[in-house]
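Note sheet for the following structure.
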Amino acid sequence: MIIPRLAAKSLANRRVTAMLTVFSIALSVFLLLGVEKLRTGAKQSFLQTISGTDLVIGPRASGTQLLLYSIFHIGNANNNITLKSLRSIEKRPEVSWLVPISLGDSHRGYGLVGTNTDYFDHIRIAGDKKLQFAMGGRFSGALEAVIGADVAQKLGYETGSNFKVSHGLGEVSFTQHDREQFSVKGVLARTGTPIDKSILVSLHSVEELHHDWQPGQKHEGKEKHVEDTDQHDEPQLVSAAFVGLKSKIAVLGFQRYINQYPREPLTAVIPGVAFSEIWMLVSKIETVLLVIASLVAITAIVGMIIAILASLGERRREMAILRSLGAGPFRIFLLFVSEAIVLAGIGLVLGAGTIYAGLWLTQDKITQFAGLYIPITAPDLNEVMFLGAIFAGAIVGGLIPAIRAYQISLSDGLSMRL
Amino acid sequence: MESNIVELFDLKFSWGERATQSNVNPFELSIDHFGIQKHEKIFLHGPSGSGKSTLVGLICGTIRPISGEVYLNEKNLTDLPGSQVDRHRADNIGIIYQMFNLLPYLSALENVLLPLEFSKTRKQKVGTSKEECRNEASRLFANLGLDAINDGNAKPGELSVGQQQRVAAARALIGAPRLIIADEPTSALDFENQKNFLDLLFSEVENSNSSLLMISHNPSLAKHFDRSIALSNGEFGKGA
């Protein structure tokens, strides 16, 4: 086809304007795709903060609240649940595994998670990845800790470092558990989840901290020694538990069973469902971002229309020459539509290319700094629709100068007006 | 009559009807009969605004008359739909303008080959392979004294005005259309180049068995033509 070739050559002849137009379209594609990738990436990492866990069990509370404190360590647990109930739940035939967690203490703003070593076997992140150690290994005894990547990085800890723990979650706390010193046994690899900001210790250690305590009161007097730890049993109370079931089909029934648990008021939430509920709260921001990106796309298309329209005046001679060679007004029309297609097409490829190249280059950095894992995947349906919308918008916009060119070439005919 | 390339009958045209244009004063063109025979070279002259360009537009079918008939190579343009008129023009007419004939973003060679993209008839006359098309362009370049740009890769902006006009002539001539229309092709050239250009154009027009309609307001060129017609106020002068 001669017309698209002419359009491309004509554009190459006006490459500065053409390149600026392409650049603005590419920018809008970049922005729109970028927002969309971030959005889906954020949502994905959010929804996959914990995977492989079928239910989270906690005291009677709203599902959202339970999820926020048990997984995101946001807010406090108002109540605890008894380990005794958990032990009997664990024996149910539906249950594959159960990992209790005990929250409430912290070290310089990083929350302490009391749990057992099953945690490392069963908690999965980002799809189905097991927790990896960057350094050291699991805790085995009391007053040993495994710290998340952020904790290690921000506080400069490594295996062998020692630290003390304070009561409550504040960064500055006036009540220190200052007798017991934890030592770091392992550092987890970065997960992009709240685990990075956690300090994992054994339930025994947590019990150790609170041994002989009256609620809210600092214990005075009696000295206690680390050596005693092993004599203590597990704590009677924990904050929540993560549960994996043998069959996913059993989830709903088992959730009902927990919610109606006769011996203790319990709540069970399905993480995916509760995550979606929380995500709904955030989705307004997504919409705003998308609207802004769409406006940028519209601006780019309008810019392209202006650029082509502005060129019409100086190109009446070109149109007359083409007419004299036998090009009909409709071909002139197609020439200008082709131009819009070429501009939009290059802009699309350039913008999408930049996104993927940028992601490829900065994926690690994004995970590191924003805790977001953005996978490099082919454009999904949404993204294809966005690209399609920009392309279609550009073509529809390109009709405006094309129709004008059609009219001009019809009325000018062969005469070279300027 | 049948063998005439162009035949106009009872033609009436008025710019007043198409008041959208900048032509403020209503202008009328009225021609009872006008024909261009095969191999004929016609010189059309007249002052500005006498209707020369309008006549060209009518022959080319880009302007439609109010009444009358326009035959181009035995087809009545007034009966044809626009798209067919365009194709018929591409097949039968090569046009040379006063200046700025060439598309600035194509090389000289690409400019010359462009009509073949719009006309199958002319392409078949040249040959369907790329090689044959290039050879024909090279031949025209050589015959029109454009040996200096034989490869034709130069852009129009790199050529002199005289060279550009010859490239334009080559473009009009390629594929041997039945009629060459030259609208003041020499007015941008100096005297020496004018004569030179006309000589080359004539020999190539004869070579390709085409007819030539040349428009000019320089009557001194008239003597080189088979026939000279004066147009004033939209009508042919005596002796047309």
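Key figures
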read-out: Subset of segment A:114-161 [in a strand (DSSP E or B) and more than 23 Å from the chain's Cα centre (by Cα)]; value: A:GLY114, A:THR115, A:MET135, A:GLY136, A:GLU144, A:ALA145, A:VAL146
read-out: The one condition in (1) touching a strand residue (DSSP E or B) at 6+ places or on another chain (Cβ under 7 Å); (2) closer than 23 Å to A:PHE72 by Cβ that A:PHE120 fails to fulfil; value: (1)
read-out: Single residue of segment A:249-287 satisfying the filter (of a type in the set (D, E, K, R) and open to solvent by less than 30 Å² (accessible area, probe 1.4 Å)) that is farthest from the chain's Cα centre (by Cα); value: A:GLU264
read-out: Scope segment B:39-63; condition more than 26 Å from B:GLN84 (Cβ to Cβ) and of a type in the set (Ser, Thr, Tyr); matching residues; value: B:SER48, B:SER50
read-out: Some residue of segment A:288-311 being in a helix (DSSP H, G or I), open to solvent by 70 Å² or more (accessible area, probe 1.4 Å), more than 14 Å from chain B (Cβ to nearest Cβ) and not aliphatic (A, V, I, L, M); value: yes
read-out: From A:VAL184, A:VAL172, A:VAL165, residue being farther than 30 Å from A:LYS248 by Cβ and modelled with pLDDT of 90 or more; value: A:VAL184
read-out: Among residues of segment B:86-133, those that are assigned to a helix (DSSP H, G or I), within 8 Å of chain A (Cβ to nearest Cβ) and of a type in the set (A, V, I, L, M), counted; value: 2
read-out: Complete set of residues in segment A:324-342 that are touching a residue at least 40 places away in the same chain (Cβ under 8 Å), open to solvent by 10 Å² or more (accessible area, probe 1.4 Å) and at the interface with chain B (Cβ under 10 Å from one of its Cβ atoms); value: A:PRO329, A:PHE330, A:ARG331
read-out: Unmet criterion (only one of (1) at pLDDT 90 or above; (2) within 12 Å of another protein chain (Cβ to nearest Cβ)) for B:VAL70; value: (2)
read-out: Contacts under 7 angstrom Cβ, first residue in segment B:38-65 being farther than 14 Å from B:LYS12 by Cα and facing another protein chain (nearest Cβ under 9 Å), partner part of a loop (DSSP other than H, G, I, E, B) and open to solvent by less than 10 Å² (accessible area, probe 1.4 Å), 6 or more apart; value: B:THR62/A:GLY413
read-out: Residue count, segment B:107-132 (criterion: within 22 Å of A:PRO4 (Cβ to Cβ), without any contact (Cβ under 8 Å) to a residue 40 or more places away in the chain and in contact with a helix residue (DSSP H, G or I) (Cβ under 7 Å, 6 or more places away or on another chain)); value: 2
read-out: Scan of segment A:312-323 for residues that are aliphatic (A, V, I, L, M) and facing chain B (nearest Cβ under 7 Å), ordered by number; value: A:ILE321
read-out: Hits in segment A:386-418 (condition: at pLDDT 85 or above, farther than 17 Å from A:GLU314 by Cβ and more than 43 Å from the chain's Cα centre (by Cα)); value: A:ILE403, A:TYR406
read-out: Residue check for B:ILE63: modelled with pLDDT of 90 or more, of a type in the set (Val, Ile, Thr) and buried (at least 17 other Cβ atoms within 10 Å of the Cβ); value: no
read-out: Boolean, A:PHE333 is aromatic (Phe, Trp, Tyr), over 28 Å from A:GLN48 (Cβ atoms) and either assigned to a helix (DSSP H, G or I) or not assigned by TED's automatic domain parsing to the domain that holds A:GLU36 (or both); value: yes
read-out: Wholly enclosed strands (runs of 3 or more DSSP E) of segment B:146-240 bearing at least 1 residues open to solvent by 10 Å² or more (accessible area, probe 1.4 Å); value: B:179-183, B:227-232
read-out: Residue count for segment B:4-60, restricted to those that are among the β-branched types (Val, Ile, Thr) and at pLDDT below 85; value: 2
read-out: Selected residue (only one of A:ARG138, A:ARG108, A:ARG179, A:ARG124 is under 16 Å from A:LEU203 (Cα atoms) and either modelled with pLDDT under 85 or of a type in the set (D, E, K, R) (or both)); value: A:ARG138
read-out: Leading residue by the ranking (nearest to the other protein chains (Cβ to nearest Cβ)) among those in segment A:369-406 that are in a helix (DSSP H, G or I) and without any contact (Cβ under 8 Å) to a residue 40 or more places away in the chain; value: A:VAL396
read-out: Neighbours by Cβ (under 8 Å, 6+ apart or cross-chain): first from segment A:307-318, in contact (Cβ under 8 Å) with a residue 12 or more places away in the chain and under 12 Å from A:LEU11 (Cα atoms); second among the charged types (D, E, K, R) and assigned to a helix (DSSP H, G or I); value: A:ILE308/A:GLU339
read-out: Qualifying helices (runs of 4 or more DSSP H) (wholly inside segment A:1-112; at least 1 residues being within 14 Å of chain B (Cβ to nearest Cβ) and free of Cβ contacts under 8 Å to residues at least 24 places away in the same chain); value: A:2-13, A:15-47
read-out: Complete set of residues in segment B:74-114 that are polar (S, T, N, Q), at pLDDT below 90 and buried (at least 20 other Cβ atoms within 10 Å of the Cβ); value: B:ASN101
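This table checks each residue for (1) open to solvent by 40 Å² or more (accessible area, probe 1.4 Å); (2) closer than 30 Å to A:PHE386 by Cα; (3) among the polar types (S, T, N, Q).
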position	(1), (2), (3)
A:VAL22	no, yes, no
A:LEU31	yes, yes, no
A:THR40	yes, yes, yes
A:VAL56	no, no, no
A:PRO59	no, no, no
A:GLN65	yes, no, yes
A:SER70	no, no, yes
A:ASN80	yes, no, yes
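The values are calculated or read from the model by the stated rules, or taken from the named source; none is laboratory data. Since the structure is predicted, the reported quantities are computational estimates derived from the model, not experimental observations. Cβ coordinates were reconstructed from backbone atoms using ideal geometry, including for glycine residues, and neighbour counts include every protein chain displayed. Areas reflect the complete protein model, heavy atoms only, side chains present, ligands, DNA and RNA absent. Shrake-Rupley method; radii C 1.70, N 1.55, O 1.52, S 1.80 Å.
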